[in-house]
Amino acid sequence: QGENLLYCFEVAPTQPALTQVTQCRTEGSTRGLAAVPRLALDVMACEVLRVLQLTDTALVPVSFLVPRKSVQEFHEDLFPDCTGTLPATDAQGWWAGDSQQVGRVSLHPARRPTETFTSPIIAGTGPTSTGHTDTDTGHTDADQTSGYSSPSSLASPSSAATSLSASTGPSSGFASSPSQKSLQSILGPSSRFRHAQGRVLHRDRHLTNLRGLSLTTPGESDGFCANHQRVALPLLSAGGQIAVLELSKPGRLPDAAVPTIQNGAAVADLTWDPFDPRRLAVAGEDAKIRLWRIPEGGLQETLQEPEAILRGHTEKIYSIRFHPVASDLLVSSSYDMTVRIWELSAGREVLCLQGHTDQIFSMAWSPDGKKLATVSKDGRIRLYEPRRSSQPQQEGPGPEGGRGARLVWVCGGDYLLVSGFDSRSERRILLYRAQALPEGPLSVLGLDVAPSTLLPFYDEDTSVVFLTGKGDTRVFLYEVTPEPPYFLECNSFTSNEPHKGFVFLPKTACEVREVEFA
């Protein structure tokens, strides 16, 4: 009461027990709420729920519809038979042990009696006038022993034991009263960060009027990259151009062309050096990695000469990652099915990791920098210790689907979180113990069906992982814990437009006084 948000959750007997479906912002603040009976719903418009909201001055109906392609036909799966409006027994019968259930009614418009809602309070809608075949009012009294008679179009009480009522009956174990168990033990553990709220910052902070962006970077790339000072965006124009924009100068960009980096080859992936905010590494589709140095204060003119070019891969590169601990170390993966580690100060390749038999979807350094994990289209996750061997230290089964996958280290580097697909293209996240990859995932959580790979971003301070795909509007948030149930759902964030890319800034950019943590 007093709020203007309506949350809609789906409840399931398995984990996650509660899944948020939608949230709806109402105009006025709520003074009271009531649900309209199911018999009054507009079933042909696929309306599954209608809530009446009482505000200070009005009664506002809020309708929940399930989008369906066809609204000409009746959807049986959305509208099982619901409880009718005729009592199954009377008070004396109930005390005497009669446990008949109220007859169920079809919600199909063609199979309903003309008068669907009966009430002894409203004159003329008594139980006898609801489409009875017998107009004889004495019929009800004659039938008194077997409960009230049911109109021809209603299911008789005996046939009410359909599979639906059987599965939702008191036998399903949900009958224990909350007073016996605490709510916590019924719902299971919940995340401390479940009320985290995503908020779009004020337009003054946006960079607008971006033109000619390349939205065709490979699925293995995040699409663009940012550090605490600037962002690099691949452009569509020929020659692999990259725009570099200063975050300290937000607002509308000029209509004239902005100065760019001329990479010379189409961009496959790009990333900023974590220890040098002016150095940008760009992997090209010509199998070369170019290192660019941005002048102090940002790009003033077009850059054409890279600081260095790394040659060694024989095929197009998928992705590049800087080492999290040591300066001048870069790792790259390529269509030639190798992973190579480069020493940038010398400008040469120092190690080539072997063992992949198919496309390398993603790779990630452990937070302590000792290990490198990869996930591949061949359905395997591999863990390397580059200082010891160029062969994988251990392998384990990865996601089944071959549409794409990502991985990220979580829980202090003891666990690996992998996002991928199952064989039916459902997006899912899997959690592995990094020391026990061959044992397979500890936990698997299916999220939804969508074509793009979920990109995971992990905040190690709160242990919250953010997941979204290119072309999605929703960002999923889960707290990851090393003990069951492993994934605790938090508030998801929904943006107005689908995003083409999604990256996180370093923690130093957070406004900690506002309790902003990402």
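The values are calculated or read from the model by the stated rules, or taken from the named source; none is laboratory data. As the structure is a prediction and not an experimental result, all values here were calculated from the model. Because the Cβ atoms are built from the backbone with ideal geometry, glycine has one as well, and the counts that use them run over all protein chains shown. In case anyone asks, the SASA skips ligands and DNA or RNA and just uses the protein heavy atoms, side chains included. Shrake-Rupley method; radii C 1.70, N 1.55, O 1.52, S 1.80 Å.
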For this session: Assess whether Ile381 counts as being β-branched (Val, Ile, Thr), open to solvent by less than 10 Å² (accessible area, probe 1.4 Å) and either within 22 Å of His356 (Cβ to Cβ) or touching a helix residue (DSSP H, G or I) at 6+ places or on another chain (Cβ under 7 Å) (or both).
Result: yes
For this session: Please give the number of the condition Arg388 fails out of (1) open to solvent by less than 20 Å² (accessible area, probe 1.4 Å); (2) without any contact (Cβ under 8 Å) to a residue 40 or more places away in the chain; (3) not β-branched (Val, Ile, Thr).
Result: (1)
For this session: Those residues that are over 15 Å from the mean Cα position of the chain (by Cα) and among the basic types (Lys, Arg), I need them from region 409-450; list them, please.
Result: Arg424, Arg433
Exercise. Here are Thr14, Thr85: which of them is out of contact with any Pro (no Cβ under 6 Å at 6 or more places or on another chain), farther than 30 Å from Ile429 by Cβ and open to solvent by 40 Å² or more (accessible area, probe 1.4 Å)?
Worked result: Thr85
For this session: Give region 101-118 a look and list any residue that's at pLDDT 90 or above and open to solvent by 60 Å² or more (accessible area, probe 1.4 Å), or say none.
Result: Gln101
For this session: Take region 368-377 and flag every residue that is closer than 13 Å to Gly420 by Cα and surrounded by fewer than 21 Cβ atoms within 10 Å (Cβ to Cβ).
Result: Lys377
Exercise. Among the residues of region 188-216 satisfying the criterion of being of a type in the set (Ser, Thr, Tyr) and in contact (Cβ under 8 Å) with a residue 60 or more places away in the chain, which is most open to solvent (accessible area, probe 1.4 Å)?
Worked result: Ser190
Problem set entry | Per-region count, region 487-509, residues surrounded by 16 or more Cβ atoms within 10 Å (Cβ to Cβ) and either touching a strand residue (DSSP E or B) at 6+ places or on another chain (Cβ under 6 Å) or under 23 Å from Ser191 (Cα atoms) (or both) | 8
Problem set entry | So Pro484, is it open to solvent by 50 Å² or more (accessible area, probe 1.4 Å), under 22 Å from Val11 (Cα atoms) and assigned to a loop (DSSP other than H, G, I, E, B) | yes
For this session: Kindly provide the set of residues from region 1-25 that are in contact (Cβ under 8 Å) with a residue 24 or more places away in the chain and either farther than 19 Å from Ser495 by Cα or in a loop (DSSP other than H, G, I, E, B) (or both), ordered by number.
Result: Gln1, Gly2, Glu3, Asn4, Pro13, Gln15, Pro16, Ala17, Leu18
Problem set entry | Search result, residues across region 265-274 that are touching a residue at least 40 places away in the same chain (Cβ under 8 Å) and either more than 32 Å from the chain's Cα centre (by Cα) or not in a loop (DSSP other than H, G, I, E, B) (or both) | Val267, Ala268, Asp269, Leu270, Thr271, Trp272, Asp273
Exercise. Which one of these is part of a loop (DSSP other than H, G, I, E, B) and open to solvent by less than 10 Å² (accessible area, probe 1.4 Å): Gly404, Gly420?
Worked result: Gly404
Exercise. Do we have Val244 as under 13 Å from Gly298 (Cβ atoms), open to solvent by less than 20 Å² (accessible area, probe 1.4 Å) and not aromatic (Phe, Trp, Tyr) here?
Worked result: yes
Problem set entry | Candidate set: region 276-286, residues that are more than 18 Å from His313 (Cα to Cα) and in contact with a strand residue (DSSP E or B) (Cβ under 8 Å, 6 or more places away or on another chain); chosen: the one surrounded by the fewest Cβ atoms within 10 Å (Cβ to Cβ) | Pro277
